[in-house]
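The values are calculated or read from the model by the stated rules, or taken from the named source; none is laboratory data. Only a predicted model underlies this, so the values are computations on that prediction, with no experimental measurement involved. Ideal geometry is used to build each Cβ from the backbone, glycine not excepted, and the neighbour counts take in all protein chains shown.
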Amino acid sequence: MARSLNQLSSLCVETQLIVLIGLLALAGAFAGVTAGLFGNGGGFVVVPSLIAVFSILGETTSDLIYVAIGTSLASIVVSSARSVQAHHKHKAVDYETLKSWAPWLVMGVAIGLYIASITDGESLFLVFAVGVLLYSIYFLFPDMFVNSTRSLSMPKGVGKASLASFLGGFSALLGIGGGTITVMTMVMCNRSVHQAVATAAGVGFIIALPGSIGFALLGLGHTSLPTGSVGFINFPALLAICSASVLTAPIGSSMVLPSLAAAAPGAMTTAPAYGPLAGVAKLNANENPYGPSPAAIKAMDAAMRKGAYYVNDSVTRLKAMIAERHGLTPEHILLSSGSSGGLTYLAQAVSGSGKILGPDLFWDTTTRMGTRQQGEIKRLPKTSDLAINLAAMEDAISDDVAMVQVTNPNNPTGMVLAADELMAFTKRASKKTLVLLDEAYNELTDDPEANSMVPLVKQGYNVVVARTFSKIYGLAGMRVGYLMAAPETIEMISQYALGDYSLNQAGVAAAVASYNDEPFLAYAKARVVEARGIVTAGLAANGLSALPSSTNFMFVDLGKRSAEDFRAAMAQRNVLIRGIYRDYTQWSRVSMGEIKDVEQYVAALPAVLDAIPEVAV
C-alpha cells in the first residue's frame, strides 16, 4: 500500500513537472511570437510565468524576482536574435540605429544592474508591477503617447543618449527587451512599422545580452535558488522557454497585425503597399518623405468620410487661398491632378498653334504631350555647364514658337536662374509668345518669393506659372497642382481640362490644410538642406561632384561611368535612383529622401563605384 502511494506521489510530481514545463514552453512560444511581431522580448509574460512556476514548485526565496528577471533576459537573447535573423532576410533591420544606440543602451543596462544590486526583492517586484501598469496603459490608450505626427527625426546627441540609456536601464530592471518604446519612437520619427519592429528586436538583443550576464554574476554566491540556477539564471526554465521561442519568432515576424498600426497612428501611410519596402532607400522621384503634414493627415481623415461626394467647396477655398497669397483672383487659378495634369492641358492647348521651345535638358511633360498632339519641339543646343542660356532662348523665339518653357529650378539639374535675369527675360519674351514658368521646386529655393515669376501674372504679362503640392508639401500621392495665368489664358486652357471632377476630396483637403503650414514647410526644407550636405560630402569623399542644387535632388557627375550601370548597381544595394536622362549618359539624379536613406546612398558609393567600369566618353 505504501509503495503504491509512493508511486502515485511520484507520478503526480512528474505530471506536475510536465505541466509546468509545458507552461514555460507556452510562455516561450508567446515570447517568440511577440519578439517577431512587436519587436519586444515578451518579458512581461515570461517574468510572471517564472514566478508562478517557481512558487508552485515550492520555491519561496525572496530572490525569485531576480531569478525571473535574469532568466527572462537570457531568453530574450535567444528570441530577439532569432527575430533579427528573420527580419534580416527582408532587409528591415536598421543596423545604423542599432550601432549608434548600442553604447548608450549598454550604459543604461549597467545602471539598471547597479540599481538591482542595491534593491531588495520586494522593491524590485514593485518596480516590475509599476512597469507592467505603464505598459498596459500604453497598449490600452496608445494615442496618449503617440500622436498623428510623423515629422520628427530620430533623436541625436543628448536626446539619443538619454533615451537609449533610460531604455537600457528600465528594461534591465524589468527583464524586458524595450521593444515597445523603440517601436513607438521610430514610428513617431517616420520609420515604417516593419523597420521599427525589426530594429526593436535588435535593441532587445543589445539590452538582454549584458543584462543576463549581469544578473548571472549578481546571483553568484546566493543560496536557496531554484535547482539548476547559475546566479540569477535558471537554465532548466531557460531551456523550456527558448526551445519554444526559437520556433515561434519567425512566425511572429511574418504576421501582419492591424492593431499594431492602430497603436501608432499614421504608420499605415508608410506600409510597404503604399511606399518603399523596409530597408529600401527610395531616392528616384523627388518626393518629400516627411509629409503629409500632421494637419494634412487630419484633414484627409475627415475628407475620406465624405468620399462619396465630388469636391466642391474645398476647391473654391483652395483657389481663394492661392489667389489671396499672390494678389490674384480665383479666375487666375486652374487646379489639376498634380502640376503634370495642368501642364498636359497646356500642351494640348498650344501644340496646334506652333512649336514649344525649351532648353536641351528640362522636365518636359509639355513636350511629350505636344509630340502626341503632332506638335513640334524646339530644343536649344547643349551648354557646357548644363545651365539654361536665356539669351540663346530669347534669340530662338520665332514666329512659329507657340510657347517658351523655363523650369526654375530646373529638373534634373537642380539649378536656379538668377531672379533678375529671369524676370527681365520673361518680360521681353512674353511680348513675343506665351511663357511657361514651371516652379514645382520654388519653395525649396533660398528665396522663393524673389525666384518666382507670379508677380508677372498679376501685372498682366503673357505667362503661365505652374506649381504643385507634390514636392515640399509631401502630397505627391494625393495629386494636387495648379496653374496661375491671366483669366483669359486659364479659360483657354480649361477647354482641354477635365474640370474639378478630376480632383479628389482627400487631396484637396490636404492641400488646404498644409498650404499655410509654415512650421512643417520649414522642417521639411531643413531636412532637405541637411540631406544635400550629407550627399555633397559623400560625393566629395568618393571623388565625385554634383551641380549646385536649390531643390530636393542633385545631379551627379559620374565622370566616365555609365549612369545606367550606376543605377543598376545602386538598386542591387536597395538604393533606388533615376536612370539616364536622354543622352546625358554620365549624369545621375538622386533625390533627397529621409536622412537614413541618403546615408544609405553615401554608404553604398564606394562599393558601387568599384563595381562599375569606366567607359569611353
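For this structure, a couple of remarks:
- Pairs with Cβ under 6 Å, 6+ apart, first in region 577-590 and in contact (Cβ under 8 Å) with a residue 40 or more places away in the chain, second part of a loop (DSSP other than H, G, I, E, B) and of a type outside the set (V, I, T): I577/L283; I577/N284; R578/N284; Y581/P412; R589/P412; R589/R578; V590/L283
- Which numbered condition R532 misses (of (1) touching a strand residue (DSSP E or B) at 6+ places or on another chain (Cβ under 7 Å); (2) at pLDDT below 95): (2)
- Residue count for region 77-96, restricted to those that are of a type in the set (S, T, Y) and surrounded by fewer than 24 Cβ atoms within 10 Å (Cβ to Cβ): 1
- Some residue of region 30-41 being at pLDDT below 65, more than 29 Å from the chain's Cα centre (by Cα) and either closer than 13 Å to S171 by Cα or surrounded by fewer than 24 Cβ atoms within 10 Å (Cβ to Cβ) (or both): yes
- Within region 582-605, one or more residues are more than 26 Å from the chain's Cα centre (by Cα) and on the phi > 0 side of the Ramachandran plot.
- The criterion of being of a type outside the set (A, V, I, L, M), under 20 Å from K471 (Cβ atoms) and at pLDDT below 90 holds for T366.
- Single condition T551 does not satisfy, out of (1) surrounded by fewer than 24 Cβ atoms within 10 Å (Cβ to Cβ); (2) touching a residue at least 60 places away in the same chain (Cβ under 8 Å); (3) not assigned by TED's automatic domain parsing to the domain that holds R467: (1)
- Single condition A616 does not satisfy, out of (1) over 26 Å from the mean Cα position of the chain (by Cα); (2) of a type in the set (G, A, S); (3) at pLDDT 90 or above: (3)
- Test: A74 is over 30 Å from V575 (Cβ atoms), surrounded by 24 or more Cβ atoms within 10 Å (Cβ to Cβ) and either modelled with pLDDT of 70 or more or not hydrophobic (A, V, I, L, M, F, W, C) (or both): yes
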